[in-house]
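**Q** Please find one structure pasted underneath; my questions will follow.
Values in this text are rule-based calculations from the coordinates and carry no lab data. Since we're looking at a predicted model, the values are computed, not measured. Note that we place each Cβ from the backbone using ideal geometry, even for glycine, and neighbour counts take in every protein chain shown.
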Amino acid sequence: MASLNAVPFVALAPRMNNWLGDGVASRIGIVLELMTSYAASARQLFLKLRLPKALPAIFSAFKINMSTSIIGAIVGEFFIASRGLGYLLSEQIRLANMPLAWACIVIAAILGIALYTIIQLLEKRLIPWAVSQR
């Protein structure tokens with residue numbers, strides 16, 4: 001790695017382009033090497049380069065898993081709990097009280113939509129450059 005620091009970035013950039021392709025990977029490699037040569041700490045590399053680049057994937061995972069987590073919580077309460085939305089839904093279905101059972105389902109749907117919207121607003125605020133925001 002010390003030998004790479006002796007090579008000027010003007011000469012290194014075309015090599016990185018050949019090794020890593022024309023995409024984002026070559027740009028990240030050059031920026032990473034540049035930050036390292038400027039004595040950036042591991043924390044600075046993480047906060048300034050790696051975390052911002054990972055945020056779109058993190059928010060995609062949050063949005064996908066939000067509804068799944070609500071379903072998991074309700075199903076877990078459905079079988080085990082003695083209170084909660086899943087327990088109430090289970091009891092109302094068992095008692096054939098369908099209006100209240102449907103109310104539980106609507107509450108779960110509203111909760112899922114609200115949490116998804118919160119994550120979407122956070123994504124728009126924190127990473128306005130992301131492709132999903134265009």
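**Q** Express in nm, to one decimal, how much length is gained between residue 91 and residue 45 on full extension, taking 0.36 nm for each residue of separation and deducting their alpha carbon distance. Please list the in-between numbers first.
**A** Details: separation 46, 0.36 × 46 = 16.56 nm, distance 5.23 nm.
Length difference between fully extended and current span is 11.3 nm.
**Q** Determine the shape class of region 80-134: with a ≥ b ≥ c the square roots of the Cα gyration tensor eigenvalues, call it rounded for a/c under 1.5, and otherwise prolate if a/b is greater than b/c, oblate otherwise.
**A** Working: a/c = 5.61, a/b = 3.31, b/c = 1.69.
In terms of gyration-tensor shape, prolate.
**Q** Right, another one. If a paramagnetic tag sat 7 Å from the Cα of residue 122 along the Cα-Cβ line, which residues of region 41-61 would have the backbone N under 13 Å from that point?
**A** 55-56, 58-61
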